[in-house]
Amino acid sequence: MKIIALEEHFADPAVSKAGAATAQALSPGFAAAYDPAAGLPYSPPAEVLMDLAEGRIADMDAGGITMQVLSCLGAQQVPAEVAPDLVRAANDRAAAATRSYPDRFAAFASLPTAAPEAAADELDRCVNELGFVGTMIFGRTDGEFLDAPRYDPVLAKAAALEVPMFLHPAVPPLAVTESCYSGDLPPVVATRLQTAAWGWHQETAVHFLHLVHSGVFDRYPDLQIILGHWGEMIPFYLDRVDEALPQRATRLERSFSEYFRENVYIAPSGLFGQAQLQFCLETVPLERILFAVDYPFASNDGAVTFFDEADLPEQSKQKIAHENAERLLRL
Ligand code: GRE
Ligand code: ZN
């Protein structure tokens, strides 16, 4: 089966270095909690993260992944003074990989969101000159959600280009960490609760709730967001949000669940549980379910088994594995 995976990361050393101080301030325990030597999940070696050639292709071949849509980690934490140049260079690296392996790699643009006008220009360049298929944004920039007025050029550009924006998990602000993810907990437990175990996902759900309720999708009715991890917990709460926030309160043009079903695509991001798949199939349109591994933080090895075990007609599996992505990304 042809499988296209949409949350597949690489690291660019210059981008990572330039964002390290901000990353460290938001999550001082991160390096220790995700040190490959600790032997815990989601801790790939740096060489694997940086590889955009044979090693990555071999891992894809071994796991039955036809194509990865590449995304560079970390641009939201790079300061405005250096972000445009560094992020541009990282996008150029991704573009080179897509040219070397046109059947195996596509790419989402990384954006220097600390400099919003430059970010909009870079999205334009990536889509129109490099053939990228959208963008991936790793949460807040300078503590602000994407609906803050200064990021409007980025939203406007994604809407005008008709490319999706993958809203990826990111560390919550310090006040949230201090209140929720600290105190009497072992350091590794606190940091993992703050990040992959819970905090990243709660933060991303709130980010999307904020985009909807600040009216982003009334301003840009066709803007499409991709959420990983089966929609970052939101599908389970659609009914609750609709009930607690009726349009009488929000004054929006649609109900929350309508925005979710009309402006959002979701993907498993390595969470290959069949119960989540079945629940999401009952909750959002089949046409809005995509596939993602979250390589190299999760292994490609679970992909084929996920589709083999899915209690679905072959036609539906093909949609999730590649057809929905091909349509959305115009591949
Ligand atoms: C991810 O993208 O999901 C991720 C990171 C860093 C560490 C673990 C992880 O970006 O899962
Ligand atoms: Zn990821």
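The values are calculated or read from the model by the stated rules, or taken from the named source; none is laboratory data. Predicted, not measured: the structure shown is a model, and the values here were computed from it. Cβ: placed from backbone, ideal geometry, glycine included. Neighbour counts: every protein chain shown.
Quick notes on this structure:
- Residue among Val163, Val188, Val206 that is more than 16 Å from ligand 2 (Cβ to nearest atom), more than 15 Å from the chain's Cα centre (by Cα) and β-branched (Val, Ile, Thr): Val188
- Conditions (1) in a helix (DSSP H, G or I); (2) touching an Asp or Glu at 6+ places or on another chain (Cβ under 6 Å); number of the one not met by Ala120: (2)
- Pair list, Cβ under 6 Å, 6 or more apart: segment 4-22 residue under 16 Å from Asn91 (Cα atoms) and in a loop (DSSP other than H, G, I, E, B), other residue modelled with pLDDT of 95 or more and within 11 Å of ligand 1 (Cβ to nearest atom): Ala11/Leu49; Ala11/Leu73; Asp12/Cys72
- When segment 25-45 is filtered for residues that are away from ligand 2 (no atom under 16 Å from the Cβ), surrounded by fewer than 17 Cβ atoms within 10 Å (Cβ to Cβ) and within 28 Å of Gly134 (Cα to Cα), only Pro45 remains.
- Whichever residue in segment 284-324 is assigned to a helix (DSSP H, G or I) and within 16 Å of ligand 2 (Cβ to nearest atom) and, among such residues, is surrounded by the fewest Cβ atoms within 10 Å (Cβ to Cβ): Gly302
- Looking only at residues in segment 214-250 that are over 21 Å from Leu155 (Cα atoms) and among the charged types (D, E, K, R), the one that is farthest from the chain's Cα centre (by Cα) is Arg248.
- Hey, Ala175 surrounded by fewer than 21 Cβ atoms within 10 Å (Cβ to Cβ), among the aliphatic types (A, V, I, L, M) and under 18 Å from Ala267 (Cα atoms) or not: no
- Any pair with Cβ under 8 angstrom, 6 or more apart, that starts in segment 27-44 at a residue that is at pLDDT below 95 and ends at one that is away from ligand 1 (no atom under 11 Å from the Cβ): Ala38/Ala32; Ala38/Val188
- Meets criteria (in a helix (DSSP H, G or I), of a type in the set (S, T, N, Q) and out of contact with any helix residue (DSSP H, G or I) (no Cβ under 7 Å at 6 or more places or on another chain)) for Thr191: no
- Per the listing Ala190, Ala197, the residue uniquely more than 26 Å from Val293 (Cβ to Cβ) and within 16 Å of ligand 1 (Cβ to nearest atom) is Ala190.
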